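The values are calculated or read from the model by the stated rules, or taken from the named source; none is laboratory data. Since the structure is predicted, the reported quantities are computational estimates derived from the model, not experimental observations. Cβ placement follows ideal geometry from the backbone for every residue including glycine, while neighbour counts extend to all protein chains displayed. Calculation scope for accessible area: heavy atoms of the full protein, side chains included, ligands and nucleic acids excluded. Shrake-Rupley method; radii C 1.70, N 1.55, O 1.52, S 1.80 Å.
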Amino acid sequence: MDAFTSLDAVAVPIDIVNCDTDQIIPGRFLRHLPEDGGYDRYLFHDLRFDTDGSPRPEFILNQPAYRNSRIIVADLNWGCGSSRENAVYVLVANDIRCVIAPSFGDIHFSNCMKHGVLPVRLARETCDDLRGQLHTRPGATLAVDLPSQTVTDTEGNQYGFEIAPFDKHRMLNGLDDIGLTLEYDAEFEAFERRHAEVYDWL
Amino acid sequence: MAGKTLFDKIWDHHVIVERDDGQNLLYVDRHLCHDGSFNGFRRLRRTGRAVRRPMQTWLTPDHYTPTHTPDVAEIEDPRAREIVEASSVNAREFGVHLFPWGDRRQGIAHVVGPEQGVTLPGLLMVCGDSHTSTHGALGCIAFGIGASEVTHVLATQSLWQQRPKTMRITVNGKLGFGVTAKDVILAVIRRIGAAGGTGYAIEYAGSAIRALSMEARMTLCNMTIEAGSRSGLVAPDETTFAYVKGRPFAPDGDKWERAVSFWRALATDADASFDQEVVLEGGEIVPMVTWGNSPEDTVGVDECIPDPSREANPDRRAAMHAALEYMALEAGMAMDEVSIDKVFIGACTNSRIEDLRAAAAVAAGRQAVVPTLVVPGSGLVKAQAEAEGLDRIFIDAGFEWRLPGCSMCIGMNGDTLRPGERSASTSNRNFRGRQGLGSRTHLVSPAMAAAAAVTGHFTDVRKLMGTA
Ligand code: SF4
């Protein structure tokens, strides 16, 4: 997967509480894969486009200033609902590499990190404030730095965020989990033998 | 030493490696796959990897299977057809168990797992689907994972996880007449919110939970993810053992005795503590209906649609306005005055035999006034319902009796609402567009869905059942 170190990019505020993965990518597109092409269109498809396929000018991602956004600032419970990893493929297809939110759906949170999309948890007030800044100054940039675990806003304020050291290490190095897990092969084999004794009824 | 919770006991039995930073490599006893898991197999093939423990992996197609025809050739969308067919190809190539389309054992993964005895108390199970929380009803740790994690589990039979916090939700007393597990879980989500369980594993306890049948517990645990928690559990008890005994992939003979004593010891110790405790009174819960686009947007059928102007929190107020607009509802409307266009009885929440019995009891001798789809959760549920004559009751009432699968819960197979249509649905998600572009979904129990089908609007099913 792609490594993530830092990103200084246009950020877009998405003011939706409980933005579920069905909104991020509707179910009818799950049969398609990014390599089929045209995948970027599926992001927020039913919020972004009318039934006849024309863009809704009022939807924020259709506004020119936000078009090149690579960061999303969201609200509570971003990515709740379905486990569809397509909700991350579709972010990547739009070159979005970081989502900042007060809280995330647990499954979506870990899916993000599998594709080099950094999920950042910041306090709710901070997220509200960041979205406010981005509305006031369309096209403004935020800076996200993983090594120092900081986000810098349009006014130069810095906020620290938490990330599990293991996740940080994997993100910084773009490590593939499977390769890493197979390094524990001896432990796995030993565990399986013990487990067969404890679960002798299985 | 302080006692342990059910969740922590099972977790501790599955830790292969514990790193200093709190990451655990967990052993996966059993892995369920469905047609939507095609991507996991594809990635495995691309990297030249095998399934590490194919005999601990089961696959059943459900999301893309049609409910109106048993013929693959009749699936119109070529990509959907490919995905259904890929299930069999993948299962054979990688040597995993398969319940192929057309087999009586095929159905929604979360119905099939418990039904086949693949799901057992004490196990750690995963599936590439968020409603894997369902299986925790049997007293196991079961949670949904994404496609990358599916690939990881296929390749390594293990998964990296951080231990969640624990929450106990106790439902005291007794449920009232006409009140079901679906109403309980909607009441729970209303109380704690759609993100209330995020980061927690939830154990359900209390006398109202103990009294639930196994299938009702599955409904309860199913929607745990709708409260933000990846896994919900109920401690295994006599109800659980009676349910599991004799199922194809459950232990038997000597192993059965050993299993039962192992399972008994899993219950949360009296002196164990939880990070959070929530208590509800079972007797206060009434039949519920959702009105908005999050499962937390729930009211009793005897209540009115809430008024956003009375909501103090501005974000919540804005979300309520947006939901009312999308749902084309007015604040203050009585819930039972809202009329509907279609009814869907099915999905991994409510497509088991008891659900169908509850719906049939209301449908019997009445007539549907709106199109109503009944989709059993598996071929075996369908056969059982037919043996009991439930299919006749539904057909006589003008309901459509379909083949098993996810169907209108998500509409991937073409069973959808049309834009603007409103449903009473026994599924678990009322998200915008979930049942098709522009669809408006209200979540209810099977009995409430049948009551809506025969009256054309939400109706307190207790009135149709004789006592209100
Ligand atoms: S029935 Fe619905 S919620 Fe359940 S697995 Fe199928 S699509 Fe998902």
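Kindly establish whether B:M55 is open to solvent by less than 10 Å² (accessible area, probe 1.4 Å) and in contact with a strand residue (DSSP E or B) (Cβ under 9 Å, 6 or more places away or on another chain).
No.
For the range B:304-314, how many residues are touching a helix residue (DSSP H, G or I) at 6+ places or on another chain (Cβ under 8 Å) and open to solvent by 60 Å² or more (accessible area, probe 1.4 Å)?
So the count comes out to 2.
Mind listing whichever residues of the range B:48-61 are in contact (Cβ under 8 Å) with a residue 12 or more places away in the chain and either more than 10 Å from chain A (Cβ to nearest Cβ) or more than 27 Å from the chain's Cα centre (by Cα) (or both)?
Filtering the range B:48-61 down to residues in contact (Cβ under 8 Å) with a residue 12 or more places away in the chain leaves B:49-61.
Answer for the range B:48-61, where residues must be in contact (Cβ under 8 Å) with a residue 12 or more places away in the chain and either more than 10 Å from chain A (Cβ to nearest Cβ) or more than 27 Å from the chain's Cα centre (by Cα) (or both): B:R49, B:A50, B:V51, B:R52, B:P54, B:M55, B:T57, B:W58, B:L59, B:T60, B:P61.
For A:V151, indicate whether it is more than 16 Å from the ligand (Cβ to nearest atom), open to solvent by less than 10 Å² (accessible area, probe 1.4 Å) and more than 21 Å from A:G27 (Cα to Cα).
On the way: more than 16 Å from the ligand (Cβ to nearest atom): yes; open to solvent by less than 10 Å² (accessible area, probe 1.4 Å): yes; more than 21 Å from A:G27 (Cα to Cα): yes.
Yes, satisfied.
Within the set of pairs 6+ apart or on separate chains, which have a first residue in the range B:361-379 that is closer than 15 Å to B:I340 by Cβ, a second that is basic (K, R) and part of a loop (DSSP other than H, G, I, E, B), and C-beta atoms under 9 Å apart?
Hits for this filter: B:L373/B:R402.
Residue by residue through the range B:203-221, note down the ones that are in contact with a strand residue (DSSP E or B) (Cβ under 8 Å, 6 or more places away or on another chain) and either assigned to a helix (DSSP H, G or I) or within 14 Å of another protein chain (Cβ to nearest Cβ) (or both).
Scanning the range B:203-221 gives B:S207, B:A208, B:I209, B:R217, B:L220, B:C221.
Pairs under 6 Å by beta carbon, first residue of a type in the set (V, I, T) in the range B:10-21, partner open to solvent by 60 Å² or more (accessible area, probe 1.4 Å), six or more apart or different chains?
If the second residue must be open to solvent by 60 Å² or more (accessible area, probe 1.4 Å), the pairs left are B:I16/A:E187; B:V17/A:E187.
Name every residue in the range B:3-44 that is more than 9 Å from chain A (Cβ to nearest Cβ), out of contact with any helix residue (DSSP H, G or I) (no Cβ under 8 Å at 6 or more places or on another chain) and assigned to a loop (DSSP other than H, G, I, E, B), in order of residue number.
If the condition is that a residue be more than 9 Å from chain A (Cβ to nearest Cβ), out of contact with any helix residue (DSSP H, G or I) (no Cβ under 8 Å at 6 or more places or on another chain) and assigned to a loop (DSSP other than H, G, I, E, B), then B:G3, B:T5 are the ones that fit.
Go through B:W101, B:W160 for me and flag whichever is modelled with pLDDT under 95 and either away from the ligand (no atom under 15 Å from the Cβ) or open to solvent by 10 Å² or more (accessible area, probe 1.4 Å) (or both).
On the way: B:W160 fails: modelled with pLDDT under 95.
On inspection, the qualifying residue turns out to be B:W101.
Could you please find all residues in the range B:119-156 being out of contact with any Asp or Glu (no Cβ under 8 Å at 6 or more places or on another chain), in contact (Cβ under 8 Å) with a residue 60 or more places away in the chain, within 14 Å of another protein chain (Cβ to nearest Cβ) and within 15 Å of the ligand (Cβ to nearest atom)?
B:T119, B:C127, B:D129, B:S130, B:H131, B:T132, B:S133, B:T134, B:A142, B:F143, B:V150
Go through the range B:230-289 and give me each residue that's within 14 Å of another protein chain (Cβ to nearest Cβ) and farther than 23 Å from A:D200 by Cα.
Once the filter is applied, which keeps residues that are within 14 Å of another protein chain (Cβ to nearest Cβ) and farther than 23 Å from A:D200 by Cα, the range B:230-289 yields B:R230, B:S231, B:G232.
Looking only at the range B:419-448, filter to residues that are in contact (Cβ under 8 Å) with a residue 24 or more places away in the chain, part of a loop (DSSP other than H, G, I, E, B) and open to solvent by 20 Å² or more (accessible area, probe 1.4 Å); which one of those is farthest from the ligand (Cβ to nearest atom)?
Residues of the range B:419-448 that are in contact (Cβ under 8 Å) with a residue 24 or more places away in the chain, as a first pass: B:420-432, B:434-436, B:439-448.
Pick out the ones that are also part of a loop (DSSP other than H, G, I, E, B) and you get B:420-421, B:426-432, B:434-436, B:439, B:444-445.
Imposing the further condition that a residue be open to solvent by 20 Å² or more (accessible area, probe 1.4 Å) reduces the set to B:420-421, B:432.
On the way: B:G420: 22, B:E421: 18, B:R432: 16 Å.
Among residues in the range B:419-448 that are in contact (Cβ under 8 Å) with a residue 24 or more places away in the chain, part of a loop (DSSP other than H, G, I, E, B) and open to solvent by 20 Å² or more (accessible area, probe 1.4 Å), the one farthest from the ligand (Cβ to nearest atom) is B:G420.
Only strands (runs of 3 or more DSSP E) wholly contained in the range B:128-181 count here; list those with 1 or more residues that are of a type in the set (G, A, S) and farther than 19 Å from A:G105 by Cβ.
Values: elements: B:141-144, B:158-162, B:165-172.
It comes to B:158-162.
I'm trying to understand the selection: among the residues of the range A:1-43, which are free of Cβ contacts under 8 Å to residues at least 24 places away in the same chain and assigned to a loop (DSSP other than H, G, I, E, B)? Break it down stepwise before answering.
Step one: of the range A:1-43, the residues free of Cβ contacts under 8 Å to residues at least 24 places away in the same chain are A:26, A:28, A:31-32, A:35-38, A:41.
Passing the criteria: A:P26, A:R31, A:H32, A:G37, A:G38.
Being assigned to a helix (DSSP H, G or I), more than 22 Å from B:A155 (Cα to Cα) and within 16 Å of the ligand (Cβ to nearest atom) is the filter here, so list the residues in the range B:62-83 that pass it. Explain how you work it out, then say what you get.
Taking the range B:62-83 and keeping what is assigned to a helix (DSSP H, G or I), we get B:72-74, B:78-83.
Imposing the further condition that a residue be more than 22 Å from B:A155 (Cα to Cα) reduces the set to B:72-74, B:78-82.
The one that is assigned to a helix (DSSP H, G or I), more than 22 Å from B:A155 (Cα to Cα) and within 16 Å of the ligand (Cβ to nearest atom): B:A80.
Does A:P119 meet the test of being modelled with pLDDT of 95 or more and under 19 Å from A:D22 (Cα atoms)?
Values: modelled with pLDDT of 95 or more: yes; under 19 Å from A:D22 (Cα atoms): yes.
Taking the combined requirement at face value, the residue satisfies it.
May I ask you to list the residues in the range A:106-139 that are within 22 Å of A:D40 (Cα to Cα) and open to solvent by less than 30 Å² (accessible area, probe 1.4 Å)? If you could, list the steps in order and put the result at the bottom.
Looking only at the range A:106-139, we keep the residues that are within 22 Å of A:D40 (Cα to Cα), and these are A:107-119, A:138-139.
A:I107, A:H108, A:S110, A:N111, A:C112, A:M113, A:G116, A:V117, A:L118, A:P119, A:G139, listed by residue number.
Restricting attention to the range B:74-85, does a residue exist that is loosely packed, with under 15 Cβ neighbours inside 10 Å and small (G, A, S)?
The answer is no; no qualifying residue exists.
Which one is nearest to B:H131 (Cα to Cα), of the residues in the range B:62-79 that are of a type outside the set (D, E) and within 10 Å of chain A (Cβ to nearest Cβ)?
Of the range B:62-79, the ones of a type outside the set (D, E) are B:63-70, B:72-73, B:75, B:78-79.
Next, from what is left, pick out any that are within 10 Å of chain A (Cβ to nearest Cβ): B:63-64, B:78-79.
Working: B:H63: 13, B:Y64: 17, B:P78: 27, B:R79: 24 Å.
Looking at residues that are of a type outside the set (D, E) and within 10 Å of chain A (Cβ to nearest Cβ), I get B:H63.
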